[in-house]
Amino acid sequence: MFPPFPEDKAYQICLEMIDELEKGSLSLEQIGKESQERSGQGIMLGAALCRDSNGRLYALKTLSGISKTIQVNQNIIRNIKSKIPYDEEIFVDPIVPAEDINQALSDNDKEIHLLTEKINILKETRLRPDGKYENQTDQEKELVEKRKELCKASLKKVYERYSFHCADGCEEKLLDICQGKLPPTGTGDCCAPKILDYAFKSNFKILSMAEVFYGKNSEKRRMAEKYSPCDERCALILPYMLGLKILYRDDDIIVVNKQSGLLSVPGRGPDKQDCIVNRVKRLFPDCIEQPSVHRLDMETSGLLVLAFTKEAHRELNRQFESREVKKSYIALLSGILPEKFEKHGKMELFFRLDVDNRPHQIWDSEFGKNALTEWYEEGRVFYTSPDGKKEQVSRIKFIPHTGRTHQLRLAAADSHGFGLPIIGDTLYGKCREGERLMLHAEYLSFKHPASGRLMEFYCPPDF
């Protein structure tokens with residue numbers, strides 16, 4: 001996943017940690033059992049530079065896993081002259097201590113080992129003279145399945161202990177984040193979730209965060225090089241902790257994948273303040289007051305770009321107004337596209353606000369604003385609704401050439417368009433309980449507001 005915060009300052013702190021480890025003023029102490037497959041493979045070191053509400057700076061330092069901890073060597077004088085000034089350092093502990101995890105595993109540990117011994121004995125009886133094995137017996141299969149279920153039960157007990165403090169002040173349980181499914185082993189033990197949990201629990205603002213590898217060079221890792229949070233584990237939980245799915249970020253802009261059901265910009269009233277804009281401002285305190293340059297309907301998911309600086313905001317606004325920005329969307333329409341429509345085409349429709357039924361738009365060929373939409377039929381797919389009903393629907397790619405309110409929803413639903421509402425459309429169709437609007441902004445391209453470089457983003461929908 002993309003590094004959620006600037007890395008340079010935290011990376012320097014990581015390099016200074018490596019220097020201290022090499023000189024001996026810091027050391028790695030083994031506090032838990034290390035698996036044989038992890039032995040000698042090295043670890044990740046993580047750091048973050050944070051600021052509290054009083055302006056005091058903290059360096060948060062940690063390492064991956066639960067079997068080791070960072071210790072200060074009291075016998076060696078630490079001569080800390082960091083290139084990145086801070087007021088205090090804090091060594092961050094694991095989310096769940098190793099002894100708690102061992103306790104959670106202990107209930108089934110003995111039986112799992114006994115089953116493993118029985119399985120190994122049965123496996124040996126299947127060994128043929130040519131070195132190959134006969135097929136598993138029913139007894140062995142039964143034992144393997146029983147061991148598998150016990151291991152799953154043990155892992156569930158472990159993950160029930162994991163919860164994470166989030167940027168919005170809430171605390172999320174790991175199994176709730178994963179919707180009850182068991183995540184990969186080690187989820188929550190990487191550097192990033194430890195640092196974020198501590199920072200959000202302490203109400204710190206994160207200014208910089210980075211991770212580096214410490215150990216012998218290998219094909220996958222090199223000593224002292226920085227690496228992004230991992231896709232396998234961190235990408236499952238960090239978006240929930242941050243409140244944002246960050247796809248790209250630099251000093252000028254940020255690109256996110258907005259989830260369905262979240263506002264792009266704040267609305268009127270205290271109940272409509274949770275939105276992408278305010279979540280960005282919460283994470284990045286130096287962001288301008290109004291970073292939004294375009295928006296998606298609350299029910300629509302997909303790509304949004306926001307500006308961190310006034311200069312970037314001005315230039316991106318110019319590109320949107322002059323229609324230099326390219327976008328495409330994927331939608332599922334509730335039915336089969338009528339035969340009169342080709343596989344590709346354009347439609348120009350005219351709509352205006354229905355003042356008696358806001359925010360609905362209605363057809364008006366005389367006073368309506370033109371909405372030009374290009375489309376491609378990508379085929380027919382089977383859609384399963386939340387109530388389990390299956391139906392064949394049309395998958396459409398929309399390319400809007402104007403930016404009218406509800407343009408794509410109307411192109412789908414109105415009788416002057418396809419006459420087939422997008423699935424889950426609460427305004428122009430129907431939305432069953434537990435259903436979302438099946439409309440997703442999958443592609444976005446523009447010129448970088450500072451460098452002028454072409455920026456292209458592709459984010460496929462999860463439907």
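The values are calculated or read from the model by the stated rules, or taken from the named source; none is laboratory data. Quick caveat: nothing in here was measured; it's all calculated off a predicted structure. Note that we place each Cβ from the backbone using ideal geometry, even for glycine, and neighbour counts take in every protein chain shown. Please note that ligands, DNA and RNA were not included when accessible areas were found on the heavy atoms of the full protein model with its side chains. Shrake-Rupley method; radii C 1.70, N 1.55, O 1.52, S 1.80 Å.
Brief remarks follow.
- Any hit, region 394-408, residues being at pLDDT 95 or above and more than 27 Å from residue 348 (Cβ to Cβ): no
- Qualifying residue in region 162-183 (condition: at pLDDT below 95, farther than 21 Å from residue 197 by Cα and open to solvent by 90 Å² or more (accessible area, probe 1.4 Å)): yes
- Restricting region 352-403 to residues that are open to solvent by 50 Å² or more (accessible area, probe 1.4 Å) and of a type in the set (Phe, Trp, Tyr) leaves a set whose member that is farthest from residue 333 (Cα to Cα) is 367.
- Of all residues in region 449-463 being of a type in the set (A, V, I, L, M, F, W, C) and part of a strand (DSSP E or B), the one that is surrounded by the most Cβ atoms within 10 Å (Cβ to Cβ): 457
- Checking 95, 119, 112, 70 one by one, the residue that is at pLDDT 95 or above, touching a Leu at 6+ places or on another chain (Cβ under 9 Å) and open to solvent by 30 Å² or more (accessible area, probe 1.4 Å) is 95 and no other.
- Within region 422-448, the set of residues being open to solvent by less than 30 Å² (accessible area, probe 1.4 Å) and assigned to a loop (DSSP other than H, G, I, E, B) comprises 423, 424, 425, 435, 437, 438, 448.
- When region 237-255 is filtered for residues that are surrounded by fewer than 18 Cβ atoms within 10 Å (Cβ to Cβ) and within 27 Å of residue 189 (Cα to Cα), the ones remaining, listed by number, are 248, 250.
- Filtered by the rule that a residue be among the β-branched types (Val, Ile, Thr), touching a residue at least 60 places away in the same chain (Cβ under 8 Å) and closer than 16 Å to residue 17 by Cα, region 48-79 gives a lone residue, 62.
- Total residues in region 320-351 satisfying the condition of being farther than 22 Å from residue 299 by Cβ, open to solvent by less than 90 Å² (accessible area, probe 1.4 Å) and charged (D, E, K, R): the figure is 1.
- Cross-chain or 6+ apart pairs with Cβ under 6 Å, region 92-107 first and closer than 14 Å to residue 190 by Cα and touching a residue at least 12 places away in the same chain (Cβ under 8 Å), then acidic (Asp, Glu) and surrounded by fewer than 15 Cβ atoms within 10 Å (Cβ to Cβ): none
- Listing of strands (runs of 3 or more DSSP E) fully contained in region 277-364 that carry 1 or more residues being touching a residue at least 60 places away in the same chain (Cβ under 8 Å): 301-307, 326-333, 344-353
- Among the residues of region 266-276, just one is in contact with a Pro (Cβ under 8 Å, 6 or more places away or on another chain), surrounded by fewer than 19 Cβ atoms within 10 Å (Cβ to Cβ) and not in a loop (DSSP other than H, G, I, E, B), namely 272.
- Cβ-Cβ under 7 Å pairs, at least 6 apart or on other chains, region 382-407 side assigned to a loop (DSSP other than H, G, I, E, B), far side polar (S, T, N, Q): 401/373; 402/370; 405/361; 406/361
- Candidates in region 408-421 are the residues that are hydrophobic (A, V, I, L, M, F, W, C) and in a loop (DSSP other than H, G, I, E, B); of these, the one that is most open to solvent (accessible area, probe 1.4 Å) is 420.
- Within the option set 258, 194, 226, being surrounded by 14 or more Cβ atoms within 10 Å (Cβ to Cβ), under 19 Å from the mean Cα position of the chain (by Cα) and within 24 Å of residue 26 (Cβ to Cβ) holds for one residue only, 194.
- Scanning region 278-319 for residues that are surrounded by fewer than 21 Cβ atoms within 10 Å (Cβ to Cβ) and of a type in the set (Val, Ile, Thr) yields a total of 2.
- Any hit, region 204-211, residues being over 21 Å from residue 274 (Cα atoms), among the hydroxyl-bearing types (Ser, Thr, Tyr) and out of contact with any Phe, Trp or Tyr (no Cβ under 7 Å at 6 or more places or on another chain): no
- Flag if residue 217 is farther than 16 Å from residue 10 by Cα, without any contact (Cβ under 8 Å) to a residue 12 or more places away in the chain and open to solvent by 60 Å² or more (accessible area, probe 1.4 Å): yes
- In summary, residue 424 fulfils each of the numbered conditions (1) on the phi > 0 side of the Ramachandran plot; (2) without any contact (Cβ under 8 Å) to a residue 60 or more places away in the chain with the single exception of condition (2).
- Filtering region 33-40 for residues that are farther than 30 Å from residue 284 by Cα, of a type in the set (Ser, Thr, Tyr) and either out of contact with any Ser or Thr (no Cβ under 8 Å at 6 or more places or on another chain) or open to solvent by 40 Å² or more (accessible area, probe 1.4 Å) (or both) leaves a non-empty set.
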